[in-house]
Amino acid sequence: QLTQLERATAKGEPLEGVPVIAISPDGTAKTDAFVKELARTKGVALRHRFVSDPSRTFAARYNPPVDGNGVPNAAALPKVVLLDRDGREAWTYSENHFQVRPLREALAEAMRRLRAEEEAAASPAKP
């Protein structure tokens, strides 16, 4: 997922210029080691900002430790949340399986919609 987001934020891609913040339940040292290993083994240099959240305080906001019925989640599932300029949730993608990721096209369409909404909001109202 991180490599897919890295490619999607490259010049000329749908998420160009969109900052990506990856929240990790791992400590800083483990996250740094992961990023270095990914660069070494896959040749991908992640430009994302990483935030260490071992207590899962921030992650719980988007991936609660219990489901809607109060049943504990067996594993934290990766989730993609697109926030607008005001920090409001504009689009969310999640799955029930930790290996399923959003398609590049789904991310691109969500970003197109968000940019169109922001442009419309910034345009002066016509009489």
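Near the amide H of A90, within less than 5 Å, lie the amide hydrogens of L82, L83, D84, all on another chain or at least 5 residues away, with H placed in the peptide plane.
A Förster radius of 30 Å combined with the Cβ-Cβ distance from R61 to K36 puts the calculated FRET efficiency at roughly 0.60.
No value in this document is a laboratory result; all are computed from the given coordinates. On a predicted model such as this, the values are computed, not experimentally measured, just so you know. All Cβ positions, glycine included, derive from the backbone under ideal geometry; neighbour counts span all protein chains shown.
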